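The values are calculated or read from the model by the stated rules, or taken from the named source; none is laboratory data. Remember, predicted model here, so these are calculated numbers, not experimental data. Cβ: placed from backbone, ideal geometry, glycine included. Neighbour counts: every protein chain shown.
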Amino acid sequence: MIDLRPFRALHYDPAAVGSLAEVIAPPYDVIDDAQLDRLYARSPYNVVRLILNRAPDRYAAAAADLADWRRRGVLVRDREPGLYYYVQDFALADGRRRQRSGLLAAVRLEPFSAGNILPHERTFPSAKADRLKLMTACRANLSAIFGVYPHGLDALAPARDCAATEPAWIDIADGGERHRVWRLTDPTAVARMVEGLRPATVFIADGHHRYETALTYRAQRTAAGDRDPDAPHNFLLMYLCSMDDPGLVILPTHRVWRGPFPSDWRERTAEHFELEAVAPREVVARLTHATAPGWLALHRSDGTYLLHLRARDLGALDRLLPSVHPVIRQLDVSLLDGLLLGAVLGIDGAQVGPDGALTYTHDDRQALDAVDRGGATAAFLLRSPRMAEVEAACLAGQTMPQKSTYFFPKLQTGLVFHLLDADA
């Protein structure tokens, strides 16, 4: 069970910033240097100055900006607590339009061992240290954790009813996406959603580092004497989306290799995989329509191939990765990294990735073009991960390999913030 509560959101005052499209930004960890420059230039109040300030002391600068914007009325706080229904309209790479919806709320922090909120990715100390310094300086959740909850819980009906009859409180069109938020304060509707989501088990889709950082921050506040169990620092800002949502999209993370390639790669590969030559324009569609596990694609300048694990090699990963949990061994990404790249082609992604020889992209066209136009040696394409695979990994207490999932689109930062002090 999860303890979900309405909260008094801090948010931009449109009258003070003009267009809200000018002040929102993607999560900090997907912003490159060029986009950082564009976001800085877009507005002196863009949220990137809070989540990724480029001053020498980025944490003190972010805290100073946050305090200054509040003092000047750029950021204002709601007078009463509420829940916030967030709907994203977006397009896939093939032009198809989708819509995803979820609820922004304050959710009580729990250790993963409690079994109510579960991770699917491993985290790294440096990223958590960075976010802890920011959280400590700003004393706020500046961006939401993305969580999904299991099938069959139709807890957001009151939010959908509100969206069907009332205009959105926030309505932003930005770069082909539309972001709409409804503020929900009716006590009956809020209570229905809180109770409807209470039985849920939440799987973290995005934001693992920030979630673990919030646990550390809570422990530090408690150790310092802030022991009220209902104090804001015991909660964090989370977006909750149903696994049944038709707009819940997970993109694959393809690999692009720029290093040497064995001359006998075809013979090596054929020992484990059935190879079928296909046209480059067809490979993605064929891969997408493959429903059973064990399918990969390989694109080189001399040909494009669908690879299907041979029946006799169903135990290959069991032999190669005996210490890896069966739920993780059966993933396509384990097949690629553990068998094809590692055992067959001798490419160690863990070692060469930081050097740039092995890179990643979620765009299949970009992966193919890296070979055709960019001089890369090969591109390795994956099917999109299934939500059922993420759920199975979480329930088994396992984490998926690095670069396994990419939930699309990212939640925008800057719609609402959650303050971590009761009297803030």
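The table for this structure:
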{"read-out": "Long-range neighbours under 6 Å by Cβ, at least six apart or interchain, first residue among the small types (G, A, S) within region 320-343, second assigned to a loop (DSSP other than H, G, I, E, B) and crowded, with 22+ Cβ neighbours inside 10 Å", "value": "none"}
{"read-out": "Enumerated helices (runs of 4 or more DSSP H) restricted to region 176-271, each holding at least 3 residues that are of a type in the set (S, T, Y) and within 30 Å of V23 (Cα to Cα)", "value": "208-223"}
{"read-out": "Filter result for E110 (among the acidic types (D, E) and either out of contact with any His (no Cβ under 8 Å at 6 or more places or on another chain) or modelled with pLDDT of 95 or more (or both))", "value": "yes"}
{"read-out": "V76 being buried (at least 17 other Cβ atoms within 10 Å of the Cβ) and at pLDDT 95 or above", "value": "no"}
{"read-out": "R70 surrounded by 15 or more Cβ atoms within 10 Å (Cβ to Cβ), more than 22 Å from L240 (Cβ to Cβ) and either at pLDDT 95 or above or out of contact with any His (no Cβ under 8 Å at 6 or more places or on another chain) (or both)", "value": "yes"}
{"read-out": "Close pairs from region 82-98: first within 15 Å of K410 (Cα to Cα), partner of a type in the set (D, E, K, R) and part of a strand (DSSP E or B), Cβ under 6 Å, at least 6 apart", "value": "V87/R180; Q88/R100; D89/R178; F90/R98; F90/E177; A91/R97"}
{"read-out": "Candidates D130, D154 - the one that is assigned to a loop (DSSP other than H, G, I, E, B) and surrounded by fewer than 20 Cβ atoms within 10 Å (Cβ to Cβ)", "value": "D154"}
{"read-out": "Total residues in region 282-307, condition surrounded by 15 or more Cβ atoms within 10 Å (Cβ to Cβ), more than 25 Å from the chain's Cα centre (by Cα) and assigned to a strand (DSSP E or B)", "value": "7"}
{"read-out": "Tally, over region 151-172, of residues that are more than 21 Å from M387 (Cβ to Cβ) and touching an Asp or Glu at 6+ places or on another chain (Cβ under 9 Å)", "value": "2"}
{"read-out": "Every pair of residues 6+ apart whose Cβ atoms lie under 9 Å, when the first sits in region 245-271 and is free of Cβ contacts under 8 Å to residues at least 60 places away in the same chain while the second is in a loop (DSSP other than H, G, I, E, B)", "value": "A270/R310"}
{"read-out": "Residue that is aliphatic (A, V, I, L, M), assigned by TED's automatic domain parsing to the domain that holds E177 and more than 29 Å from the chain's Cα centre (by Cα), where the choices are A316, A214, A279, A223", "value": "A223"}
{"read-out": "Flag if A422 is part of a helix (DSSP H, G or I) and either in the same structural domain as P260 (by TED's automatic domain parsing) or over 16 Å from the mean Cα position of the chain (by Cα) (or both)", "value": "no"}
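For every residue, the table says whether it meets (1) under 11 Å from H254 (Cβ atoms); (2) aliphatic (A, V, I, L, M); (3) outside the structural domain of D264 (by TED's automatic domain parsing).
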position: R329; (1), (2), (3): no, no, no
position: L339; (1), (2), (3): no, yes, no
position: L345; (1), (2), (3): no, yes, no
position: A357; (1), (2), (3): no, yes, no
position: R365; (1), (2), (3): yes, no, no
position: D369; (1), (2), (3): no, no, no
position: G375; (1), (2), (3): no, no, no
